[in-house]
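What follows is a set of notes on a single structure, which appears directly below.
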Amino acid sequence: MVIIMKPNTPQSEIYRMQEKLKGIGFDVHISQGQNYALLGLIGDTSQINESQLLANTHVDRVMRVQHPFKRASRHFHPQDTIIDIEGHKVGGGHLLMIAGPCAVESQEQVLTIARSVKDRGAHLLRGGAFKPRTSPYSFQGLEEDGLKILLEAKRQTGMPIVTECVSPETVDLVASYADVLQIGTRNMQNYSLLKKIGRTNKTILLKRGMAATIEELLMAAEYVMSEGNTNVILCERGIRTYETYTRNTLDISAIPAIKELSHLPIICDPSHAAGKWEMVEPLAKAAIAAGADGLIVEVHHQPEQALSDGAQSLKPERYERLVKAVNRIAEIQHSLV
Ligand code: PEP
Ligand code: MN
């Protein structure tokens with residue numbers, strides 16, 4: 001960390017600051033320029049309260065050299081993390097395909113979709129039993145009955161289950177059915193929820209907040225990891241921009257950026273980014289070409305009758321096309337490395 005003192009700060013104040021920082025365990029090196037004095041701190045600055053430093057009348061700016069996330073950082077863990085979900089791997093060159101309906105509607109619906117996506121190359125089954133809907137009047141999900149439906153689909157197809165957890169109170173319940181706990185965009189900064197899931201032994205699928213920066217997403221992962229659970233898969237699902245043609249704007253650049261900054265697997269959700277089924281396949285292809293470790297895609301056998309997100313749901317035949325296309329792109333990627 002570098003602390004830049006304001007121009008013309010008296011020497012006595014610079015030394016006072018140096019002594020104070022030495023007193024809390026840092027090596028402090030002063031570089032005196034013509035106008036500015038810089039204090040370079042050596043030591044673990046992750047616990048330093050930047051705002052308290054800035055409150056000092058003689059401090060102009062504070063610059064961090066280290067990223068504020070540690071456990072999620074590639075510096076801390078240079079190799080790609082590979083997560084294994086009942087034999088299905090993600091990260092380090094392993095592509096994970098997750099597919100299923102937005103919401104669990106009935107046993108028949110989930111079984112029909114589960115069988116059709118499994119036959120077409122999906123590894124894990126998704127489906128929301130607790131739905132965080134923008135309107136309180138929209139379908140809110142079947143809750144525990146929905147979790148039972150998912151478990152029965154797993155029993156019949158062998159597909160592990162990915163489902164959303166919306167509150168700290170329901171973590172234990174959802175974890176007793178699911179293999180992967182999904183944290184949705186609206187809850188990415190729900191810190192009590194992140195801490196609670198960090199104390200489970202389930203894999204976490206952490207979706208980017210719709211107005212979150214890449215650093216904020218990695219700090220959310222840090223919350224989970226600092227509680228002991230390091231099995232975190234990140235997910236780029238589009239962010240809010242001024243563009244209204246699509247539901248969100250898929251931030252493709254987040255994929256290589258996260259690969260650079262973090263060792264955690266990063267997958268893409270083209271469905272919630274697009275909001276339109278026609279755009280799901282092109283966005284999926286772009287994400288895999290950019291280096292994503294997998295996809296989570298909404299699929300429904302009767303999108304016109306879906307209780308949630310029908311407009312962005314692919315029919316099974318379209319999903320088949322998407323899987324074939326992205327597998328070919330992934331093969332080309334591998335041949336290039
Ligand atoms: C979902 O996956 O159905 C969902 C609600 O996603 P998001 O949190 O990204 O909107
Ligand atoms: Mn949805």
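Taking the square roots of five times each eigenvalue of the Cα gyration tensor of segment 190-337, the equivalent ellipsoid has semi-axes of 26, 19, 15 Å, listed largest first. Other residues within the sphere of radius under 12 Å centred on the Cβ of Gly291, judged by their own Cβ, net out at -3 (K and R +1, D and E -1).
Percent antiparallel among DSSP beta bridges with both residues in the chain, to the nearest 5? In the chain, DSSP labels about 40 percent of beta bridges as antiparallel. Sequence-distant contacts, meaning Cα pairs under 8 Å at least 6 residues apart, place the relative contact order of segment 2-63 at 46 percent.
Checking the a/c ratio against 1.5 first, then a/b against b/c, what shape does the Cα gyration tensor give for segment 35-132? Intermediate values should be presented prior to the final figure.
Values: a/c = 5.33, a/b = 2.58, b/c = 2.06.
Taking the square roots of the gyration eigenvalues as a ≥ b ≥ c, segment 35-132 is prolate.
Distances between every pair of Cα atoms in segment 1-63, grouped in 10 Å steps from 0 to the bin holding the largest one, split as 23, 63, 14, 0 percent.
Need one number: the % of Cα-Cα pairs in the chain sitting beyond the 38 Å mark. Let's see the in-between values first.
Values: 13945 of 56616 pairs.
The calculated P(r) of the chain puts 25 percent of pairs beyond 38 Å.
Sort the following peptides by mean Cβ neighbour count (other Cβ atoms within 10 Å, averaged over residues), highest first: 75-84, 144-153. Display every interim value, and only then the final one.
Details: 75-84: 14.0, 144-153: 19.3.
In descending order of packing, they fall as 144-153, 75-84.
Annotation: amide H-H contacts under 5 Å for Gln182 (H modelled 1.01 Å from N, sequence separation of 5 or more, or interchain): Thr163, Glu164, Cys165, Leu205. Listed peptides 244-255, 226-237, 125-136, 92-103 appear in the order 92-103, 226-237, 125-136, 244-255 once ranked by packing, highest mean of other Cβ atoms within 10 Å at the front. Between helix 144-157 and the chain there is an angle of about 70 degrees, using the helix long axis and the longest principal axis of the Cα atoms.
Sorting 104-113, 279-288 by their mean Cβ neighbour count within 10 Å, with the most densely packed peptide first, gives 279-288, 104-113. Short to long, the 5 Å bins of the Cα pair-distance histogram for segment 141-242 hold 3, 14, 24, 23, 17, 12, 6, 2, 0 percent of all pairs.
Shape summary of segment 282-337, radius of gyration then Dmax from alpha carbon positions: 13.1, 44 Å.
Over 29 Å between Cα atoms: which of Lys131/Lys202; Lys6/Lys195; Lys196/Lys324; Lys70/Lys131 fall into that group? Can you show the working numbers first?
Details: Lys131/Lys202 20 Å; Lys6/Lys195 39 Å; Lys196/Lys324 38 Å; Lys70/Lys131 32 Å.
Table pairs above 29 Å Cα-Cα are Lys6/Lys195; Lys196/Lys324; Lys70/Lys131.
Based on Cα contacts under 8 Å between residues 6+ apart, the chain shows a relative contact order of 15 percent. Less than 5 angstrom separates the built amide H of Gly294 from those of Leu96, Cys268, all sequence-distant by 5 or more or on a different chain.
Every read-out reported here was derived from the displayed coordinates using simple, explicitly stated rules and does not represent laboratory data. In this text, all values refer to a predicted model and were calculated from it rather than measured experimentally. Positions of Cβ are generated from backbone atoms using ideal geometry, with glycine treated the same way; all protein chains shown enter the neighbour counts.
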